[in-house]
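**Student:** Once you've had a glance at the structure underneath, I'll fire off some questions.
The values are calculated or read from the model by the stated rules, or taken from the named source; none is laboratory data. This structure is a prediction, so every number in the text was calculated from the model and none was measured. We place every Cβ from the backbone using ideal geometry, glycine too, and count neighbours over all the protein chains shown.
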Amino acid sequence: MRVEVIEPHGFCSGVKGAVEKARRALSAGGPVWCLHELVHNKTVVGELKGLGMRFVESLSDVPDGGTILFSAHGVPPRVRAQAAARGMRVIDATCPFVARAHRQVQEFAARGVPIVVVGDAGHVEVVGLVGEYEDTSGLDGLKGLRVVKDAGEVEALPFPADRPVGVVCQTTLSSGTVDRVLSALRARYPRLIAPPAAETCTATRDRQAAVRMFVLAGDPSVTGVLVIGSATSANTARLAEIAREAGATAWRVDGTDELSSCDFNGIERLGLTAGASTPEAIVMDVLSNLSIGKVK
Ligand code: SF4
């Protein structure tokens, strides 16, 4: 079996920036709390815990005046307001691509344009975008915003077809899914407004395109793609999906410990890739175990 590392893979600029901010905050001394997982990777979160980071799911678990780190996935205005009101020192690690989507939601909400968010309603990034809409518009619930996860949900949207409708998307979706949803939205809403925030981020797109190209450059029936990343990472899951859609066999593992769950029988070429929150050291560790034949 020939093993090849697919480029680009692994850490993106948003994750790098967030991890650097976290390390700097911890090295400055004093307790630091992080709202939600900083990035969706077990190893990164475990290392930061080891350095003293305290992960919480709510600001109510942080004392007044404490130092709070907002994760790469973004937070709605109400969370910023609560932190300010309680005298917290805020370190904001929101990825610039996520911040761009928040600004776009604000703009649509301020203009009264109904919004479609393409994404997974339960993902913390999408929860943040919905909160941004509610806090900006002052409207309860999802009055002028709907979340759709695939093209099949477009037909059921309640917005009139003759109105302008704005769209933004979760940064880490499959680019194929986003294209299909945008096509369905354009067919239903001729006045659709699709700004740059209606696309996945550059890192997501580049990593997905590289996986697709790797699979299609050979015979997909003897091609495998091993994706390294945590089960909670949306972009990691998408990489495996894209490899399968292109015809390859794909596996996801957190690291070398889980390699024994992969059956590489019949695979002649194996591509190695990693989610945007996977440290390079883990990729290299998996590669060396595969290369020296510790895993058959
Ligand atoms: S995957 Fe994209 S949106 Fe998420 S942190 Fe990385 S660059 Fe930012």
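**Student:** Which numbered condition trips up Ala240, out of (1) out of contact with any strand residue (DSSP E or B) (no Cβ under 7 Å at 6 or more places or on another chain); (2) among the aliphatic types (A, V, I, L, M); (3) within 16 Å of the ligand (Cβ to nearest atom); (4) assigned to a helix (DSSP H, G or I)?
**Tutor:** Result: Ala240 passes all but (1).
For (1) in the same structural domain as Val118 (by TED's automatic domain parsing); (2) buried (at least 19 other Cβ atoms within 10 Å of the Cβ); (3) part of a helix (DSSP H, G or I), each residue gets a yes or a no:
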residue	(1), (2), (3)
Ala210	no, no, yes
Gly218	no, no, no
Gly224	no, yes, no
Ala231	no, no, no
Phe264	no, no, no
Gly271	no, yes, no
Val286	no, yes, yes
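**Student:** To continue, here is another question. Output the residues belonging to the range 183-199 that are away from the ligand (no atom under 16 Å from the Cβ) and free of Cβ contacts under 8 Å to residues at least 40 places away in the same chain.
**Tutor:** Ser183, Ala184, Arg186, Ala187, Arg188, Tyr189, Pro190, Arg191, Leu192, Ala194
**Student:** Out of Thr172, Thr177, I need the residue that is outside the structural domain of Thr43 (by TED's automatic domain parsing), assigned to a loop (DSSP other than H, G, I, E, B) and within 30 Å of Glu7 (Cβ to Cβ). Which one?
**Tutor:** Values: Thr177 fails: assigned to a loop (DSSP other than H, G, I, E, B).
The unique qualifying residue is Thr172.
**Student:** Something else about it: Residue by residue through the range 103-115, note down the ones that are buried (at least 23 other Cβ atoms within 10 Å of the Cβ) and assigned to a helix (DSSP H, G or I).
**Tutor:** Scanning the range 103-115 gives Val105, Phe108.
**Student:** Of the residues Thr94, Thr67, which single one is within 16 Å of the ligand (Cβ to nearest atom) and either hydroxyl-bearing (Ser, Thr, Tyr) or farther than 21 Å from Leu129 by Cβ (or both)? Walk me through how you get there before you give the answer.
**Tutor:** On the way: Thr67 fails: within 16 Å of the ligand (Cβ to nearest atom).
Of Thr94, Thr67, the one residue that is within 16 Å of the ligand (Cβ to nearest atom) and either hydroxyl-bearing (Ser, Thr, Tyr) or farther than 21 Å from Leu129 by Cβ (or both) is Thr94.
**Student:** Residues in the range 58-93 that are in contact with a Phe, Trp or Tyr (Cβ under 6 Å, 6 or more places away or on another chain) and of a type outside the set (Gly, Ala, Ser): how many?
**Tutor:** 3
**Student:** How do the pairs read when you match residues in the range 160-176 that are closer than 14 Å to Arg111 by Cα with residues anywhere that are in a loop (DSSP other than H, G, I, E, B) and among the charged types (D, E, K, R), using Cβ under 9 Å and keeping only pairs 6 or more apart or on different chains?
**Tutor:** From residues that are closer than 14 Å to Arg111 by Cα, the pairs are Arg163/Arg191; Pro164/Arg191; Val165/Arg191.
**Student:** Counting only residues that are within 16 Å of the ligand (Cβ to nearest atom) and assigned to a loop (DSSP other than H, G, I, E, B), how many does the range 116-162 have?
**Tutor:** At the first step, the residues of the range 116-162 found to be within 16 Å of the ligand (Cβ to nearest atom) are 117-120, 123-129, 132.
Those still in the list that are assigned to a loop (DSSP other than H, G, I, E, B) too: 119-120, 123.
Residues meeting the conditions: 3.
**Student:** Find the residue count for the range 243-262, including only residues that are part of a helix (DSSP H, G or I) and of a type outside the set (Ser, Thr, Tyr).
**Tutor:** We begin by selecting, within the range 243-262, every residue part of a helix (DSSP H, G or I); these are 243-245, 256-261.
From what is left, the residues that are of a type outside the set (Ser, Thr, Tyr) are 243-245, 257-259.
Selection size over the range 243-262: 6.
**Student:** Something else now. Give Ile228, Ile282 a once-over and let me know the one that is within 16 Å of the ligand (Cβ to nearest atom), in contact with a strand residue (DSSP E or B) (Cβ under 9 Å, 6 or more places away or on another chain), modelled with pLDDT of 95 or more and within 24 Å of Lys16 (Cα to Cα). Break it down into steps so the answer makes sense when it comes.
**Tutor:** Working: Ile282 fails: within 16 Å of the ligand (Cβ to nearest atom).
Going through Ile228, Ile282 in turn, just one is within 16 Å of the ligand (Cβ to nearest atom), in contact with a strand residue (DSSP E or B) (Cβ under 9 Å, 6 or more places away or on another chain), modelled with pLDDT of 95 or more and within 24 Å of Lys16 (Cα to Cα): Ile228.
**Student:** Yes or no: the range 34-42 includes at least one residue that is within 16 Å of the ligand (Cβ to nearest atom), part of a helix (DSSP H, G or I) and surrounded by fewer than 20 Cβ atoms within 10 Å (Cβ to Cβ). Lay out the reasoning, then the answer.
**Tutor:** To start, the set of residues in the range 34-42 that are within 16 Å of the ligand (Cβ to nearest atom) comprises 34-41.
Of the ones still in play, those that are also part of a helix (DSSP H, G or I) are none.
No, that holds for no residue.
**Student:** If you don't mind, another one. Restricting to the range 5-22, give me the number of residues that are farther than 16 Å from Gly275 by Cα and more than 16 Å from the ligand (Cβ to nearest atom). Let's see the steps before the verdict.
**Tutor:** If we filter the range 5-22 for residues that are farther than 16 Å from Gly275 by Cα, which is where we start, we get 20-22.
Still in the running and more than 16 Å from the ligand (Cβ to nearest atom): none.
Residues flagged as farther than 16 Å from Gly275 by Cα and more than 16 Å from the ligand (Cβ to nearest atom) within the range 5-22 amount to 0.
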